[in-house]
Amino acid sequence: LLEQVEAVTAELRRRIGPTFTLSAYQEREASYSPSWQRKFGRRAYGRFQSSSSRTFAQARFSFSGRGVAWVAKTSRRGGRARVYIDGRYVDTINLYSYRAVPRKVVFKRLWGSTRFHTIAIRSVASGARPRVSVDAFVVLR
């Protein structure tokens, strides 16, 4: 995660200047629909992550900031999830990878100014690759 944060930090300095704050929030800061489970993960941020294998399972995180990143584990069982910002669909993220990769920044979004936003992650589960996970959110202020 540190290498990814450093890469994002360098990109942010180029795009918005040298003054900003990054704050990481463990997955427990989000709200979840009932099918999500919180599990210990030795390599997860804060040692825990939440995941679901149910279609339409949703995680929501509200924050005030100029940007947000979703951190998740990718793996062979990783599925797809739709990302919504402030109720509008913005992207579908594929969490599949040949080898398990913990603490990966799988989505990021930047805005020109600090405002209140909500990111929602909705599972698009499929038979062989059902799992969607949330490890952390990183907020840019």
Worksheet item: Given the rule -39500 (n - 2.57) for each run of at least 4 DSSP H residues, summed and divided by the residues of the chain, what is its mean residue ellipticity at 222 nm, to the nearest 500 deg cm²/dmol?
Response: -3500 deg cm²/dmol
Worksheet item: So how tilted is helix 2-16 from the main axis of the chain? Cα-based, degrees 0 to 90, rounded to 10.
Response: 40
Worksheet item: Do you know the relative contact order of the chain, to the nearest whole percent, from alpha carbon pairs under 8 angstrom that are 6+ apart?
Response: 34
Worksheet item: How much of the accessible area of the chain, in percent, comes from carbon and sulfur atoms when a 1.4 Å probe is used?
Response: 47
Worksheet item: Using a simple spin-label model with points 7 Å from Cα along the Cα→Cβ vector, what separation in nm is obtained for Q37 and T21?
Response: 3.7
Worksheet item: Taking θ as phi - 60°, what are the ³J(HN,Hα) couplings along the stretch 120-134 by the Karplus curve (6.51, -1.76, 1.60), each to the nearest whole Hz, with x for Gly and Pro?
Response: 10, 10, 10, 5, 10, 5, 9, x, 7, 10, x, 7, 10, 10, 10
Discussion item. I'd like the FRET efficiency for T55 and S113, computed as 1/(1 + (r/R0)^6) with the beta carbon distance as r and R0 of 30 Å, rounded to 0.05.
Written reply: 0.25
Worksheet, complete the sentence: Normalised per residue, the volume inside the convex hull of the alpha-carbon atoms of the stretch 62-141 in Å³ amounts to 73
Worksheet item: With springs only between Cα atoms under 10 Å, which of Q49, Q26, Q37 fluctuates most in a Gaussian network model of the chain?
Response: Q37
Worksheet item: What is the extension gain from A10 to Y96, computed as 0.36 nm multiplied by their sequence separation minus the C-alpha to C-alpha distance, in nm to one decimal?
Response: 28.3 nm
Discussion item. Once each part is reduced to its C-alpha centroid, what is the distance from the stretch 21-40 to the stretch 58-74 in angstrom?
Written reply: 9
Worksheet entry | the stretch 44-54 - phi-based ³J(HN,Hα) in whole Hz, Karplus 6.51/-1.76/1.60, Gly and Pro as x | 7, 5, x, 6, 9, 9, 10, 8, 8, 10, 9
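The values are calculated or read from the model by the stated rules, or taken from the named source; none is laboratory data. Only a predicted model underlies this, so the values are computations on that prediction, with no experimental measurement involved. Note: ideal-geometry Cβ built from the backbone for every residue, glycine included; neighbour counts use all protein chains shown. The area values use the complete protein model at the heavy-atom level, side chains included, leaving out ligands, DNA and RNA. Shrake-Rupley method; radii C 1.70, N 1.55, O 1.52, S 1.80 Å.
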